[in-house]
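J.: I have a structure I would like to understand better, so I am pasting it below and will then ask my questions one at a time.
The values are calculated or read from the model by the stated rules, or taken from the named source; none is laboratory data. Quick caveat: nothing in here was measured; it's all calculated off a predicted structure. Here the Cβ is made from the backbone with ideal geometry for all residues, glycine too, and neighbour counts use every protein chain on show. The area values use the complete protein model at the heavy-atom level, side chains included, leaving out ligands, DNA and RNA. Shrake-Rupley method; radii C 1.70, N 1.55, O 1.52, S 1.80 Å.
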Amino acid sequence: MPIQLLMPALSPTMEEGKLVKWLVGEGAKIKAGDIIAEIETDKAVMEYESVDDGVMGRLLFPDGAEGIKINTPIALILQEGETAAAMDGLASAAATPAPAPAKPPAMSKPAAAMPAASKPAASMSKAAGPEVPAGTKFVSMTVREALRDAMAEEMRRDGNVFLMGEEVGQYEGAYKVSQGLLAEFGPKRVVDTPITEHGFAGIGVGAALAGLRPIVEFMTFNFAMQAIDHIINSAAKTLYMSGGQLGAPIVFRGPNGAAARVAAQHSQCYAAWYAHIPGLIVVAPYDAASAKGLLKAAIRNPNPVVFLENEKLYGRSFDVPALDDFVLPLGKAHIARPGRDATIVSFSIGVGKSLEAAEALAAEGIDAEVIDLRTLRPLDMETVLASVRRTNRCVSVEEGWPQSGIGAEIAAGIMEQAFDDLDAPVIRVCGKDVPMPYAANLERLALPQVEDIIAAVKSVCYR
Amino acid sequence: MVAASNKKSARAASDKAPSNSGIQDLPGLYREMLLIRRFEERAGQMYGMGLIGGFCHLYIGQEAVVVGMKAATQEGDQMITAYRDHGHMLAMGLDPKGVMAELTGREGGLSRGKGGSMHMFSVEKNFFGGHGIVGAQVPLGTGLAFANAYRGNGAVSIAYFGDGASNQGQVYESFNMAELWRLPVIYVIENNHYAMGTSVERSSAMPDLHRRGESFAIPGRKVDGMDVLSVREAALDALEHCRSGKGPIILEMMTYRYRGHSMSDPAKYRTQEEVQKVRAEQDPIDRARARLLAENLIDEAGLKEIDREVRAIVAEAAEFAQTSPEPDAAELYTDILR
Ligand SMILES: Cc1ncc(C[n+]2csc(CCOP(=O)(O)OP(=O)(O)O)c2C)c(N)n1
Ligand SMILES: [Mg+2]
């Protein structure tokens, strides 16, 4: 039987890929380990290596074929002693993906399934507001591109701004956020570091104390735990300890929160941790426009800013105002969807889930308002309270754990300042109170899902 | 900040001639390396089929390191490593079915599906993980040695880490205390030349990693990590050093990873020629096979038989990993405290 080569999954979030080009032709001899094709994933162009020996029998897709779902046969390899006749009847399989080799549970990829589903909701959150003049044109871009553009614009504007971190330069970012920056700004301003978070975070703070404007990228915020002493003890407290003489204008940024199937040490939300600290500003944008406008503001801000991105959002596209210098205010929440019946308060990826929930609730006659906090410290309680005074009901949504979380803070604030306006107790929708499990089914259970938000909103509405 | 690839271009090679000692054990070592190779190839395939998620760091190319180290150890010696850990677990005798089922996140996995590729452990086999934070296993492995010294049990802890990890501060904090307290720990630096996309030359002010213990008076040795007998010989010496109460020692294993860092690495930081050259000239399995034939320790039929056995083990593991059910939902809340 000829071996069917299937479209491989080459990244945790990949669903389909493009066959950029074949590197071997039909009839070519192949050894295990040979690179036979280049395949473009949602992140990068990857080389596809054969694990079998044989002869390339038939290429089932031409160079440049796009949108090939994973597990679709893309070529047939003849094994020792086989002739072309062995392929009869197999080649037509090209059009249909091969049946999933295992039973479906393993394929239930919650993360990968999300982007498509949230499409309609995304446009709801268009960053219209006082910062965007009437008549402004919008362009669609990914969160990844928006972050890159924000850094590039600020680096052009201010020669003191530089980017430092693991794989930010030559590799262009482990998650490809710094694409093109090394080429434009050179190695003096786009600095590849060794793997030594505590060291380079401290060096970043020192450089900031001396007046430079570092952007320190953590490959993910999980690794910032190595460096948290400098973020808190050195960056957040120096202004106070020095009686206002000197502070650290620095941005610590990188992906935060759950990624897909990377288990307990690589999947955790640090929002509440940093939001706890006086002397820090903490930002957690959802869409591309706020990612851009808030990162530019963070870089200009004279204080240490912890800027929490989200890996699952990097590849999602949103409309961004086409303005030369689009800066959003820090410390200001945004009403992503107005509504009358209940207030859903969230940030980062939770906003997308909340918008989806709100759409579903609308179909059942519940008109939910969705607030995107954008900044977690200082927390814009005014916007939350004003909303709750109208809706009289509130649900908070976050990936982090419930105890001492952002939702706990929101609930306490509402209780203190709008107790009499509440018609129901605030409900917190959080990540489950467990380390992140690896198994697909458990991971899905551990994270807040759209249906959890819907159930919580119905509950505060007594429906 | 400037690439210094000219500093040292001989990849994976080291100075010494291949070792001859223990050659009678070579058939078994060959088999273990082959098991790791075939297991990892299958894991890569299963990742491509969507059966394995998240990160999956393959050990292909580095097999001789862990197999040679394990061959020199005694009952009671411990091992601990980072996330590139499948080979270590197979070498420590963990059940291939349980490892593969952990990769697919199933109930039959060694961590019952809760740990995944990067997090597996075996108290029974003295394997202490499986750690995702670069460098973290180094003080942990030093702590295992602390316990050995505390108990006076004569066991040695082997802590593996990468060239990239060797720049983490906690490595040096560990070195200092290990030498200060004469702890029985072998630091095995698996120098595969790259930490993700960063070559040793681009990350290390002093790239001779076996010399990184000098300022703590810890001896270090550079070893051909692509030759399983050389690894075994170095390991025997190092274990003897530790067991005789002389404290820690560093072994820098010159090795190479053929695949990307994890499954989503476009690998633009090195050329295909570089990879193919190492594969063609230094592959640890090919080298062992050639030795076996040259020394008449085995014939072609014997090699085929080993290949068949290994393939059967891997096929069985893959089958088990796909048929084992997902963990019960109630598992979400177990094992948080005891
Ligand atoms: C503290 C920390 N920083 C960054 C990472 C992301 N990361 C995972 S592996 C890796 C490269 C490590 O390279 P090396 O130590 O040489 O080991 P190898 O992967 O080559 O086996 C990086 C940067 C991490 N897991 N932990
Ligand atoms: Mg390495």
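J.: Counting just the residues of region B:320-338 that are in a loop (DSSP other than H, G, I, E, B) and open to solvent by 80 Å² or more (accessible area, probe 1.4 Å), which one comes out farthest from the other protein chains (Cβ to nearest Cβ)?
T.: Just the residues of region B:320-338 that are in a loop (DSSP other than H, G, I, E, B), to begin with: B:324-328, B:334-338.
In the following step, the residues that additionally are open to solvent by 80 Å² or more (accessible area, probe 1.4 Å) were identified as B:328, B:335, B:337-338.
Details: B:D328: 9, B:D335: 9, B:L337: 11, B:R338: 14 Å.
Taking the candidates together, the pick is B:R338.
J.: What number of residues in region B:168-177 are within 12 Å of ligand 1 (Cβ to nearest atom) and either touching a residue at least 60 places away in the same chain (Cβ under 8 Å) or surrounded by fewer than 21 Cβ atoms within 10 Å (Cβ to Cβ) (or both)?
T.: Result for region B:168-177: 2.
J.: So, in region A:195-212, how many residues would count as being closer than 26 Å to A:Y314 by Cα and surrounded by 21 or more Cβ atoms within 10 Å (Cβ to Cβ)?
T.: Narrowing region A:195-212 to residues closer than 26 Å to A:Y314 by Cα: A:195-198, A:200-201, A:204.
If we keep only those that are surrounded by 21 or more Cβ atoms within 10 Å (Cβ to Cβ) as well, we get A:195-197, A:200-201, A:204.
Counting residues in region A:195-212 that are closer than 26 Å to A:Y314 by Cα and surrounded by 21 or more Cβ atoms within 10 Å (Cβ to Cβ) gives 6.
J.: Exactly one of these conditions fails for A:Y462: (1) more than 14 Å from every other protein chain (Cβ to nearest Cβ); (2) surrounded by 15 or more Cβ atoms within 10 Å (Cβ to Cβ). Give me its number.
T.: Result: A:Y462 passes all but (2).
J.: Taking only region A:2-47 into account, find how many residues are in contact (Cβ under 8 Å) with a residue 60 or more places away in the chain and of a type in the set (D, E). Walk me through how you get there before you give the answer.
T.: Of the residues in region A:2-47, the ones in contact (Cβ under 8 Å) with a residue 60 or more places away in the chain are A:2-9, A:12-15, A:42-44.
Among the residues that remain, those that are also of a type in the set (D, E) are: A:15, A:42.
Number of matching residues: 2.
Yes/no matrix, rows are residues, columns are (1) within 19 Å of the chain's Cα centre (by Cα); (2) more than 12 Å from ligand 1 (Cβ to nearest atom); (3) of a type outside the set (S, T, N, Q):
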residue: B:R182; (1), (2), (3): no, yes, yes
residue: B:N191; (1), (2), (3): yes, no, no
residue: B:M254; (1), (2), (3): yes, yes, yes
residue: B:Q272; (1), (2), (3): no, yes, no
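J.: Next question, about the same structure. Listed residues A:V320, A:V305, A:V327; which is buried (at least 24 other Cβ atoms within 10 Å of the Cβ) and within 23 Å of A:G135 (Cα to Cα)?
T.: Values: A:V305 fails: within 23 Å of A:G135 (Cα to Cα); A:V327 fails: buried (at least 24 other Cβ atoms within 10 Å of the Cβ).
Just a single option satisfies the conditions, and that option is A:V320.
J.: Do we have any residue at all in region B:73-83 that's buried (at least 23 other Cβ atoms within 10 Å of the Cβ), within 14 Å of chain A (Cβ to nearest Cβ) and assigned to a loop (DSSP other than H, G, I, E, B)?
T.: yes
J.: If you take the residues in region A:132-154 that are touching an Asp or Glu at 6+ places or on another chain (Cβ under 8 Å) and open to solvent by less than 20 Å² (accessible area, probe 1.4 Å), which one is farthest from ligand 1 (Cβ to nearest atom)?
T.: In the first step, residues of region A:132-154 are kept if they are touching an Asp or Glu at 6+ places or on another chain (Cβ under 8 Å); the result is A:138-141, A:143, A:147, A:152-153.
Filter again for open to solvent by less than 20 Å² (accessible area, probe 1.4 Å), leaving A:143, A:147, A:152.
Numbers: A:V143: 21, A:L147: 19, A:A152: 24 Å.
Result: A:A152.
J.: Consider only pairs whose beta carbons are under 6 Å apart and that are at least six residues apart or on different chains; among these, list those whose first residue lies in region A:153-175 and is within 10 Å of another protein chain (Cβ to nearest Cβ) and whose second residue is open to solvent by 30 Å² or more (accessible area, probe 1.4 Å) and of a type in the set (G, A, S).
T.: Listed pairs, sorted by first residue: none to list.
J.: Right, another one. Scan region B:259-302 for residues that are open to solvent by less than 50 Å² (accessible area, probe 1.4 Å), without any contact (Cβ under 8 Å) to a residue 24 or more places away in the chain and more than 8 Å from chain A (Cβ to nearest Cβ) and jot them down.
T.: Scanning region B:259-302 gives a single hit, B:V275.
J.: Being facing another protein chain (nearest Cβ under 10 Å) and closer than 16 Å to B:Y258 by Cβ narrows it down to one residue among A:V51, A:V45; which is it?
T.: A:V51
J.: Looking at A:A411, A:A440, A:A446, which is the one that is more than 14 Å from every other protein chain (Cβ to nearest Cβ) and of a type outside the set (S, T, N, Q)?
T.: Residue meeting the stated conditions: A:A411.
J.: Quick one: B:N296 ticks every box in (1) outside any helix (DSSP H, G or I); (2) within 16 Å of ligand 1 (Cβ to nearest atom) bar one, so which box is it?
T.: Tallying (1) outside any helix (DSSP H, G or I); (2) within 16 Å of ligand 1 (Cβ to nearest atom), B:N296 fails exactly one: (2).
J.: How many of the residues making up region A:414-435 are within 13 Å of chain B (Cβ to nearest Cβ) and open to solvent by 20 Å² or more (accessible area, probe 1.4 Å)?
T.: Qualifying residue count, region A:414-435: 3.
J.: Kindly indicate whether B:A280 is part of a helix (DSSP H, G or I), more than 17 Å from A:A32 (Cα to Cα) and away from ligand 1 (no atom under 14 Å from the Cβ). Quick ask: steps written out before the conclusion?
T.: Values: part of a helix (DSSP H, G or I): yes; more than 17 Å from A:A32 (Cα to Cα): no; away from ligand 1 (no atom under 14 Å from the Cβ): yes.
No.
J.: Next question. Mind checking which residues of region B:222-251 are of a type in the set (A, V, I, L, M) and in a loop (DSSP other than H, G, I, E, B)? Break it down stepwise before answering.
T.: From region B:222-251, those of a type in the set (A, V, I, L, M) are B:223, B:226, B:228-229, B:231, B:234-236, B:238-239, B:249-251; that's our starting set.
Across region B:222-251, the qualifying residue is only B:M226.
J.: Please go through region A:265-277 and pick out each residue that is more than 22 Å from A:I299 (Cβ to Cβ) and either within 15 Å of ligand 1 (Cβ to nearest atom) or crowded, with 24+ Cβ neighbours inside 10 Å (or both).
T.: A:Q265, A:H266, A:S267, A:Q268, A:C269
J.: Residues of region B:114-131 being out of contact with any strand residue (DSSP E or B) (no Cβ under 6 Å at 6 or more places or on another chain), away from chain A (no Cβ under 14 Å) and not in a loop (DSSP other than H, G, I, E, B), which ones?
T.: B:S122
J.: OK, next. Just to be sure I understand, how many residues within region B:85-113 are assigned to a loop (DSSP other than H, G, I, E, B) and either open to solvent by less than 20 Å² (accessible area, probe 1.4 Å) or facing another protein chain (nearest Cβ under 9 Å) (or both)? Break it down into steps so the answer makes sense when it comes.
T.: Of all residues in region B:85-113, those assigned to a loop (DSSP other than H, G, I, E, B) come to B:85, B:92-95, B:104-113.
Cutting the leftovers down to either open to solvent by less than 20 Å² (accessible area, probe 1.4 Å) or facing another protein chain (nearest Cβ under 9 Å) (or both) gives us B:85, B:92, B:94, B:104-107, B:109, B:111-113.
Residues in region B:85-113 being assigned to a loop (DSSP other than H, G, I, E, B) and either open to solvent by less than 20 Å² (accessible area, probe 1.4 Å) or facing another protein chain (nearest Cβ under 9 Å) (or both): 11 in total.
J.: Sticking with this structure for a sec: Would you point out which residue out of A:V191, A:V262, A:V216 is touching a residue at least 12 places away in the same chain (Cβ under 8 Å), within 14 Å of another protein chain (Cβ to nearest Cβ), under 25 Å from the mean Cα position of the chain (by Cα) and buried (at least 24 other Cβ atoms within 10 Å of the Cβ)?
T.: On the way: A:V191 fails: buried (at least 24 other Cβ atoms within 10 Å of the Cβ); A:V216 fails: within 14 Å of another protein chain (Cβ to nearest Cβ).
Being touching a residue at least 12 places away in the same chain (Cβ under 8 Å), within 14 Å of another protein chain (Cβ to nearest Cβ), under 25 Å from the mean Cα position of the chain (by Cα) and buried (at least 24 other Cβ atoms within 10 Å of the Cβ) holds for just one of A:V191, A:V262, A:V216, which is A:V262.
J.: Still on this model: B:G130 fails exactly one of the following numbered conditions: (1) more than 16 Å from ligand 1 (Cβ to nearest atom); (2) over 19 Å from B:I250 (Cβ atoms). What is the number of that condition?
T.: It fails just one condition, (1).
J.: Here's another thing I want to ask about it. Among the residues of region B:178-221, which ones are touching a residue at least 60 places away in the same chain (Cβ under 8 Å), more than 15 Å from ligand 2 (Cβ to nearest atom), part of a loop (DSSP other than H, G, I, E, B) and open to solvent by less than 20 Å² (accessible area, probe 1.4 Å)?
T.: Residues satisfying the conditions are B:L183, B:P184.
J.: Looking at region B:153-160, can you tell me whether even one residue there is within 14 Å of another protein chain (Cβ to nearest Cβ), on the phi < 0 side of the Ramachandran plot and within 16 Å of ligand 2 (Cβ to nearest atom)? Spell out the reasoning first.
T.: As a first pass, look at region B:153-160 and keep what is within 14 Å of another protein chain (Cβ to nearest Cβ): none.
No, because not a single residue in region B:153-160 is within 14 Å of another protein chain (Cβ to nearest Cβ), on the phi < 0 side of the Ramachandran plot and within 16 Å of ligand 2 (Cβ to nearest atom).
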